[in-house]
Amino acid sequence: MRTGALALVLLVTACGRGGGNAADALGNGAISTRFAGEDRSAAAMLALAASGPGGCSAKWDDQPATPQQVLERSSALIEHAITEQGSVANLTEESLPTIAVTGPASLGFACVDTYLAAIRRTGVPSVLLIPDGSDAALADFTLSDIGAPPPTVVLGIGAGGRLTWNADAIRLEAIPERLQRMAGGQGVAGMEMPPGELELRPAREATFGSVHQALAAVRAGHVRAALLLPSVVPTRPSAPPPPALAPAENQTAPRP
């Protein structure tokens, strides 16, 4: 994610909100939660559940919340970060808030999308996903159509946990080897590969747990992936096309 594009989105978000203030929208105030496997603290907790109208509901810091309220409270976190840093121009990904999102592993991702889409609209770049009873995995949300180059790899997550690596079917346990190939065999524990090279695209029919498993496998390979929500229409290609064969390789050699 480019800093300039991020600042532009955050500026539009901050200027576009009307009424209320950061203190009011924060409710109980920011919390500090650290999850195993991620050196990140969460400014707020969003707990999803397969209950309520349509079998989909949420609580923000233990208080029931609609998607609109999640949007307002996420915006309040952004405004708070802007105030602390002095201006939008001073914001970095490290100074922006992270939101922890929990839910049952069996929860359909269509429900998850409903609330994560609200978070994404505010410019919050990162969330911690943690199925009930599991460790966390980090998903960095993509600003898919704002000056970002296309990803090298798209990891698709479908119904029943089916995975695709670009156009190829892949098993969960094969992800680390593929990531090593991406790194040219140079992966080192504790080192991050450059962001933007891998994008996760879960289908609405995927589950919270299957998306978390894929994220956990990617994070274990020291790659920070972007996550494109099902509700966001991809404007970038899945991956760069393969190089064309050279004429000498693509043609039959002339007979002597």
Unmet criterion (only one of (1) within 14 Å of the chain's Cα centre (by Cα); (2) free of Cβ contacts under 8 Å to residues at least 24 places away in the same chain) for PHE109 | (2)
Condition met for ASP113 (within 21 Å of ARG224 (Cα to Cα), modelled with pLDDT under 90 and of a type in the set (Asp, Glu)) | no
Got a sec? Which of GLY20, GLY16, GLY29 is surrounded by fewer than 19 Cβ atoms within 10 Å (Cβ to Cβ), under 15 Å from ALA118 (Cβ atoms) and modelled with pLDDT under 80?
-> GLY16
Test ILE146 against the stated conditions and say whether it is modelled with pLDDT of 90 or more and aliphatic (A, V, I, L, M).
-> no
Matching residues, the range 205-220, being closer than 18 Å to ALA49 by Cβ and of a type outside the set (Ser, Thr, Tyr) | ALA206, PHE208, GLY209, VAL211, HIS212
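Among the residues of the range 74-113 satisfying the criterion of being part of a loop (DSSP other than H, G, I, E, B) and of a type in the set (Asp, Glu), which is farthest from PRO202 (Cα to Cα)?
From the range 74-113, those part of a loop (DSSP other than H, G, I, E, B) are 86-87, 91-97, 104-107; that's our starting set.
Now narrow it down to the ones that are of a type in the set (Asp, Glu): 93-94.
Numbers: GLU93: 23, GLU94: 26 Å.
That would be GLU94.
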Would you confirm whether any residue within the range 52-70 is at pLDDT 70 or above, over 21 Å from PHE208 (Cβ atoms) and either within 23 Å of the chain's Cα centre (by Cα) or assigned to a loop (DSSP other than H, G, I, E, B) (or both)?
-> yes
Within the range 72-96, how many residues are surrounded by fewer than 22 Cβ atoms within 10 Å (Cβ to Cβ) and under 18 Å from the mean Cα position of the chain (by Cα)?
-> 5
Subset tally (residues that are more than 10 Å from ALA217 (Cβ to Cβ), out of contact with any Ser or Thr (no Cβ under 7 Å at 6 or more places or on another chain), surrounded by 13 or more Cβ atoms within 10 Å (Cβ to Cβ) and not charged (D, E, K, R)) for the range 158-181 = 5
Give the residue, chosen from LEU116, LEU155, that is assigned to a helix (DSSP H, G or I), within 22 Å of ALA217 (Cβ to Cβ), hydrophobic (A, V, I, L, M, F, W, C) and touching a residue at least 40 places away in the same chain (Cβ under 8 Å).
-> LEU116
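Quick one: which residue in PRO131, PRO104 is surrounded by 22 or more Cβ atoms within 10 Å (Cβ to Cβ) and closer than 18 Å to ALA216 by Cα? Quick ask: steps written out before the conclusion?
Numbers: PRO104 fails: surrounded by 22 or more Cβ atoms within 10 Å (Cβ to Cβ).
Of PRO131, PRO104, the one residue that is surrounded by 22 or more Cβ atoms within 10 Å (Cβ to Cβ) and closer than 18 Å to ALA216 by Cα is PRO131.
The values are calculated or read from the model by the stated rules, or taken from the named source; none is laboratory data. For clarity, every value in this text was computed on a predicted model and none was experimentally measured. Every residue, glycine among them, receives a Cβ derived from its backbone with ideal geometry; neighbour counts consider all protein chains shown.
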